[in-house]
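Just below is one structure, and these are the notes that go with it.
Every number in this text was worked out from the coordinates using simple rules, so none of it is lab data. Fair warning: this is a prediction, and the values are worked out from it, not measured in the lab. So basically every Cβ, Gly included, is an ideal-geometry build from the backbone, and we count neighbours across all protein chains shown.
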Amino acid sequence: MGEIMVFVNREEEIKELEQVVSSRDNAFIISLRGYGKTALLKEFNRRMSQKRVKGVYINCLRIYSGSDLLELFGEGLKKLVELGFIKYEDLKDLELRKSSIETTKYALELLFEFGSEHLNFIILDEISTLLSRFGLKKPYRGLGGSKAVMEHIKGLLDTYDITLIASDTSLNSLFSLARDYSAPLFKEMRRVLFLSPLSMTHSIELIREELKVRGVSLSEDSIARIAELTYGVPQYIKMFLGLVRSGMTPEEVEEAFYQDMRSGSFNAYFKLLFEKFSSTEQEVLVFLSRKISRGSEIIRRIPGAYTILDILCRKGIVRKIVKSERESHYLITDKLLEAWLQLQDIGQFKKISERRVKLLSFGFESIVREALLGLNRSIELDDSLGRKIVIAPYRKVTRYESALGEIDALAYLSKNAVDVYEITIEKADTEKVKQLMSKIAIAESTGLSVERGILIAYQGFKKEALKFAESLVKAGSKIYLIEGSEVKKLVKESGMRMP
Ligand SMILES: Nc1ncnc2c1ncn2[C@@H]1O[C@H](COP(=O)(O)OP(=O)(O)OP(=O)(O)O)[C@@H](O)[C@H]1O
Ligand SMILES: [Mg+2]
């Protein structure tokens, strides 16, 4: 193992898993593809072995039969023998027991029986693959297929004292195998961890580490741009870093990104991903990508969309925001998928220009807009001039564009009263504060009553910007300055996980 393994964050998840093991509970880890389940599970296993807590990691994608399962289990156990955690004789004992008939059922029995004698936990990465493959084999095939495999595992968990940590891309894949959430295995897995994208800070950390390994050097600004474009998904970060060369400017980084979305590996990746959805699912996703987000409208325009929206939510592809009993909005959770869809001519929709993709649904600005929309109660934030500001809930949050100019976010407190937002990921200078003032003027000129102007700058404010804003406040302007740490609170409160 000569390769350098980079691993960032996931401290909370690791702590929680540790608790699961020490309380002899079981857990599911769920995330979309490439968000880092496998990396987390392997890292967890590694750290536990440092603490002499014994576990075996099994990648179910490599298992087609009972003997495959025992083979991989044996590989994991061998590592523990090398570490001196279990005795070589015990391994031999497993070999002996293995030599009898190796059906799927027997392999599972042996896994749990032997596991409970020698281990603290077993990890089954991509468990639904195992459930469906074993479900096609004897003796499960005749007994209800994958559901019978689930029931058997549940029984084994009842019998043997060992923690099972299982992962999958969505609860939906397990759900469709079990066909109902009351299936016994679901009840057994009381802890469900949803793995979110990495925060902006951790993305930047991962990018820095990976660049070091690759011997590529980039400016802070270019690194920040990559973090923004890849949206905290480790897999996207790693895919994209393959295209990055030393000294690229942020603009060149962005150009390379869109080039790849149009015709490179991102294009291939999302095309494949998209083709896996049913045609109605695809239709709904295309509508959502065009920012038609209101549930009632989608249901009116696409027959059958009601159940499909539900399924997409269960798959974790779509997020539902309930505004009131009658009004719900749906958003695509994976921003790169959304951006890719926007860049396509599909059905009735023409492709959207890169500039507009960026403004509409991509990057920091759109995260903030979504977070503002997602707030269902008010939240108090600290402004960078030392004041408190209470914002939200908002009825509606939009981006404004007209001949007069553009406003990053108009957040409606009532039909006619708005907060005006100017949003940037960079460190704001005096110019940004001036821009905020001019955006307020634009909003007022359209007849809206502007309650407050709020400048959000992820990397904070330059001294002169603070000074300038302070003088405006003294002169009576109702403006507020919000920086990264407060944005995180806002995003968290709205149930999102970025940045
Ligand atoms: N916390 C992390 N720190 C550093 N690298 C990470 C982290 N999480 C994931 N990665 C890297 O990102 C890539 C994708 O992660 P991983 O394979 O773990 O995702 P996954 O959720 O298991 O995806 P899949 O559903 O495709 O199996 C891998 O190259 C992995 O090493
Ligand atoms: Mg994986």
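Values for this structure:
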| quantity | calculated |
| --- | --- |
| Cα long-axis angle, helix 279-289 against the chain (0 to 90 degrees, to the nearest 10) | 30 |
| Given Lys212/Lys489; Lys79/Lys238; Lys54/Lys98; Lys42/Lys79, the pairs whose alpha carbons are separated by over 19 Å | Lys212/Lys489; Lys79/Lys238; Lys54/Lys98 |
| Sequence-distant residues sharing a close amide H with Ile86 (under 5 Å, placed H) | Val81 |
| In degrees, nearest ten, helix 200-214 long axis to first principal axis of the chain (Cα) | 60 |
| Sites matching GluC sites (Glu not before Pro) across region 302-397 that sit in DSSP coil, with at most 16 neighbouring C-beta atoms within 10 Å | Glu325, Glu327 |
| Local electrostatic count, Leu360, Cβ distance below 13 Å [Lys/Arg +1, Asp/Glu -1] | +2 |
| For Glu426, residues with placed amide H under 5 Å, excluding near neighbours | Tyr458, Gln459 |
| Amide hydrogen neighbours beyond the local backbone of Ser328, cut-off 5 Å, H modeled | Gly295, Ser296, Lys323 |
| Within region 407-448: backbone nitrogen closer than 15 Å to the Ala475 label point (7 Å, Cα to C-beta) | 430-441 |
| Chymotrypsin sites (Phe, Trp or Tyr not before Pro) lying in DSSP loop within region 147-226, provided at most 12 other Cβ fall within 10 Å | Tyr181 |
| Spatial separation of Cα centroids for region 423-499 and region 314-350, in angstrom | 27 |
| Where trypsin sites (Lys or Arg not before Pro) fall in DSSP loop in region 214-309, at most 13 other Cβ within 10 Å | Arg245, Lys276 |
| Projected label distance in nm at Ser265 and Gln50, using a 7 Å step from Cα toward the beta-carbon | 2.9 |
| Cut-off 14 Å between beta-carbons: net charge of the residues surrounding Leu385, Lys and Arg +1, Asp and Glu -1 | +2 |
| Folded to 0 to 90 degrees: helix 484-493 orientation relative to the chain principal axis, Cα | 60 |
| Environment charge at Ile86 (Cβ cut-off 14 Å; Lys +1, Arg +1, Asp -1, Glu -1) | -1 |
| Residue order, fewest to most surrounding Cβ atoms within 10 angstrom, among Leu481, Leu171 | Leu171, Leu481 |
| Derived scalar couplings ³J(HN,Hα) [region 55-61; Karplus, 6.51 cos²θ - 1.76 cosθ + 1.60; whole Hz; x for Gly, Pro] | x, 10, 9, 10, 8, 5, 4 |
| In Hz, Karplus ³J(HN,Hα) per residue of region 427-440 (6.51, -1.76, 1.60; θ = phi - 60°; x = Gly, Pro) | 7, 7, 10, 4, 4, 4, 5, 4, 4, 4, 4, 6, 5, 4 |
